[in-house]
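Structure record follows, encoded as structure tokens.
The values are calculated or read from the model by the stated rules, or taken from the named source; none is laboratory data. Quick caveat: nothing in here was measured; it's all calculated off a predicted structure. Virtual Cβ from ideal backbone geometry, glycine too; neighbours counted across all protein chains shown. Accessible surface areas use protein heavy atoms only, side chains included; no ligands, DNA or RNA. Shrake-Rupley method; radii C 1.70, N 1.55, O 1.52, S 1.80 Å.
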Amino acid sequence: MNSEPNRLVSRRGLLRAGASLVLAAALTPPSARAAPPTEYRLVAAHARARLGGLDRLETDVWTYNGKVPGSVVRLHQGEPARLIVENRLDQETTVHWHGIRLPNAMDGVPGLTQPPIKPGESFVYEFTPPDAGTFWYHPHANSLEQLGRGLAGAVIVEERESVAVDRDLLWLLCDWRLTDRGEIASRFGNRMEAAMSGRVGNTVTLNGRASEAEPFRAGERVRLRLVNASLARIMALRFEGHRPTVIAIDGQPCDPHEPEHGRILLGPAMRVDIVLNLEGEPGRRYDVVDDFYAGLSYRLTQIAYDSRPPIRGRFLDPSIELPRNPLPEPELALAERHTLTLQGGMMSMAGTAGMGGMMGGGGSMMGMGRDAVWSINGMSMAGDGHAGMEPALALKRGRSVVLELRNESAWWHPMHFHGHSLRVLSRNGKPVPHSQWQDTVLMAPKDAVEVAFVADNPGDWMLHCHVMDHQMSGMMTVLRVA
Ligand code: C2O
Ligand code: CU
């Protein structure tokens with residue numbers, strides 16, 4: 001394998017590739033020229049990081065380009081991208097570009113959409129992102145451990161026209177389980193955890209380190225892209241003293257709105273873009289708190305104002321309407337309807353069908369391995385993806401589809417659909433406000449959620465819970481669009 005240093009290849013750099021190309025470029029008027037691809041090289045390799053902060057212990061991590069999170073991949077809406085992934089781990093990997101509507105062969109699911117990338121080998125992902133927004137990338141092989149050891153990064157697909165904010169910030173949030181000695185606790189795939197809420201850790205990092213404070217200036221209007229790259233931790237963020245406005249969910253613009261009860265709910269793999277008006281007092285600090293788990297709230301960071309006076313006399317409107325992405329609108333009246341029922345997990349307070357229900361049903365647990373504790377429509381597919389997975393649903397290309405997702409378990413599940421974005425129609429019979437599209441639908445225990453989409457992207461697409469232990473232990477299936 002080549003051993004050149006990690007590098008980012010700029011779009012301009014590619015233009016220097018040979019005299020004939022330069023000559024051709026000179027002869028073609030700029031408007032008629034297709035943009036050269038934006039190119040990144042991502043090297044998956046071991047490294048060390050100080051997750052607790054600069055004065056803290058070093059941790060062995062698995063990284064893209066030596067960093068946690070991995071390099072931010074910045075792409076442009078409607079322009080081609082070329083992403084070279086080199087595997088310097090000692091096990092197979094792939095990269096999934098979470099939330100991007102791309103051709104099936106570029107989706108990064110081992111066995112299902114590509115052969116895994118062997119140690120020492122590379123794979124080139126090429127696609128043109130149709131949607132602007134906040135996305136992310138992570139492995140889809142040995143996912144629980146590879147993601148849990150740090151392999152994750154953000155993909156920002158920029159809008160064609162820039163959005164009028166003072167700063168555009170990314171907070172990639174990640175949950176780790178560290179030992180006293182600062183190492184990542186081993187024993188991934190604990191069966192008891194898998195049957196409950198998954199591997200929730202003990203240290204949350206913001207862009208790769210535990211954060212004391214993030215610097216802001218009074219009067220600013222910032223766009224903040226929140227990404228939850230945790231294995232299992234669900235977050236509910238409150239910005240004390242501030243009123244964030246949600247402008248996009250899972251990369252897709254929504255009607256700008258203030259979150260319910262002022263809490264931004266962020267399941268694993270979800271993204272929420274907010275606009276924050278910095279209305280606090282210069283020199284003061286305000287807590288950002290995650291209080292999702294009752295009794296376990298903690299301070300994620302603080303909004304720390306410097307002492308300078310506000311940059312403007314009057315606040316700008318935080319309700320920025322992002323331009324909509326070119327999503328096909330499902331025709332509800334003509335849609336096919338299907339149900340996906342989620343079952344399994346430890347029986348808990350609520351007295352569910354739980355394991356009992358799963359183990360019964362004589363032969364209906366097709367494909368259920370020894371380790372399966374979860375199922376979708378009575379079938380359990382475990383692991384990361386493999387060849388020959390039978391689809392739970394086969395959809396005709398171009399059809400509008402309404403899916404009812406029923407969570408019959410007593411646990412939360414962020415359900416992720418590959419290859420499509422879904423319009424969320426209703427939750428427990430009530431229409432969902434603010435016109436929202438998602439690729440990862442967070443389901444509370446016993447929730448029933450209706451989603452709709454046009455099955456316009458051909459291929460076999462993974463559909464799974466993004467609590468990684470749940471996926472690995474059966475909460476996964478395939479949607480076929482043909
Ligand atoms: Cu973010 Cu199938 O995954
Ligand atoms: Cu789940």
- Task: Determine, yes or no, whether ARG427 is farther than 17 Å from LEU332 by Cβ, basic (Lys, Arg), open to solvent by 20 Å² or more (accessible area, probe 1.4 Å) and more than 16 Å from ligand 1 (Cβ to nearest atom).
- Result: no
- Would you pick out the residues in segment 64-93 that are more than 17 Å from PRO116 (Cα to Cα) and of a type in the set (Ser, Thr, Tyr)? SER71
- Query: What is the residue count in segment 74-99 for residues that are more than 16 Å from ligand 1 (Cβ to nearest atom) and in a strand (DSSP E or B)?
  - Reply: 8
- Message: Residues that are of a type in the set (A, V, I, L, M, F, W, C), buried (at least 22 other Cβ atoms within 10 Å of the Cβ) and not assigned by TED's automatic domain parsing to the domain that holds ASN87: does segment 137-154 have at least one?
- Response: no
- Task: Could you give me the residue pairs with C-beta distances under 8 Å whose first residue belongs to segment 462-475 and is under 10 Å from GLY345 (Cβ atoms) and hydroxyl-bearing (Ser, Thr, Tyr), whose second residue is open to solvent by 10 Å² or more (accessible area, probe 1.4 Å) and within 7 Å of ligand 2 (Cβ to nearest atom) wherever it lies, and which are 6+ apart or on separate chains?
- Result: none
- Task: From (1) surrounded by fewer than 15 Cβ atoms within 10 Å (Cβ to Cβ); (2) closer than 24 Å to HIS470 by Cα, pick out the condition that doesn't hold for ILE264.
- Result: (1)
- Hits in segment 436-463 - residues which are away from ligand 1 (no atom under 14 Å from the Cβ), open to solvent by 10 Å² or more (accessible area, probe 1.4 Å) and touching a helix residue (DSSP H, G or I) at 6+ places or on another chain (Cβ under 9 Å): ASN457, PRO458
- Message: One residue is enough: does segment 38-51 have a residue meeting the conditions open to solvent by 10 Å² or more (accessible area, probe 1.4 Å), touching a strand residue (DSSP E or B) at 6+ places or on another chain (Cβ under 6 Å) and not in a strand (DSSP E or B)?
- Response: no
- Search segment 258-277 for residues that are closer than 17 Å to ARG243 by Cα and in the same structural domain as GLU240 (by TED's automatic domain parsing) and pair each with any residue that is among the hydrophobic types (A, V, I, L, M, F, W, C) and open to solvent by 20 Å² or more (accessible area, probe 1.4 Å) when their beta-carbon atoms are under 8 Å apart and the residues are at least 6 apart or on different chains. PRO259/LEU265; LEU265/PHE292; VAL275/VAL165; VAL275/ILE320; ASN277/PHE315; ASN277/LEU316
- Message: Would you confirm, using the coordinates I've provided, whether LEU144 is within 16 Å of ligand 2 (Cβ to nearest atom) and farther than 19 Å from ARG74 by Cα?
- Response: yes
- Task: Considering only segment 274-299, state which residues are surrounded by 18 or more Cβ atoms within 10 Å (Cβ to Cβ) and of a type in the set (Gly, Ala, Ser).
- Result: GLY280
- Note on the structure: Selection from segment 292-320 of residues touching a strand residue (DSSP E or B) at 6+ places or on another chain (Cβ under 6 Å) and part of a loop (DSSP other than H, G, I, E, B) yields PHE292, SER297, PHE315, LEU316, PRO318, SER319, ILE320
- List every residue pair whose Cβ atoms lie under 8 Å apart, where the two residues are 6 or more positions apart in sequence or sit on different chains, the first residue falls within segment 183-209 and is farther than 18 Å from ALA236 by Cα, and the second residue, located anywhere, is surrounded by 14 or more Cβ atoms within 10 Å (Cβ to Cβ) and of a type in the set (Lys, Arg). ILE184/ARG149; ILE184/ARG177; ALA185/ARG177; PHE188/ARG199; ASN190/ARG199; GLU193/ARG199; GLY208/LYS67; ARG209/ARG50
- Message: So in segment 464-482, with the set limited to residues that are hydrophobic (A, V, I, L, M, F, W, C) and away from ligand 2 (no atom under 12 Å from the Cβ), which one is most open to solvent (accessible area, probe 1.4 Å)?
- Response: ALA482
- Task: Answer with yes or no whether LEU151 is under 19 Å from LEU231 (Cα atoms) and assigned to a loop (DSSP other than H, G, I, E, B).
- Result: yes
- Message: Exactly one condition in (1) surrounded by fewer than 23 Cβ atoms within 10 Å (Cβ to Cβ); (2) at pLDDT 95 or above; (3) not basic (Lys, Arg) is false for THR63; which is it?
- Response: (1)
- Can you tell me which residue among PRO282, PRO310 is assigned by TED's automatic domain parsing to the domain that holds ILE234 and more than 27 Å from CYS174 (Cα to Cα)? PRO282
- Item | Subset of segment 261-291 (residues that are at positive phi and part of a loop (DSSP other than H, G, I, E, B)) | ALA269, GLY283
- Message: Checking the conditions here, which among ARG238, ARG243, ARG233 is part of a loop (DSSP other than H, G, I, E, B), surrounded by fewer than 22 Cβ atoms within 10 Å (Cβ to Cβ), modelled with pLDDT of 95 or more and at negative phi?
- Response: ARG243
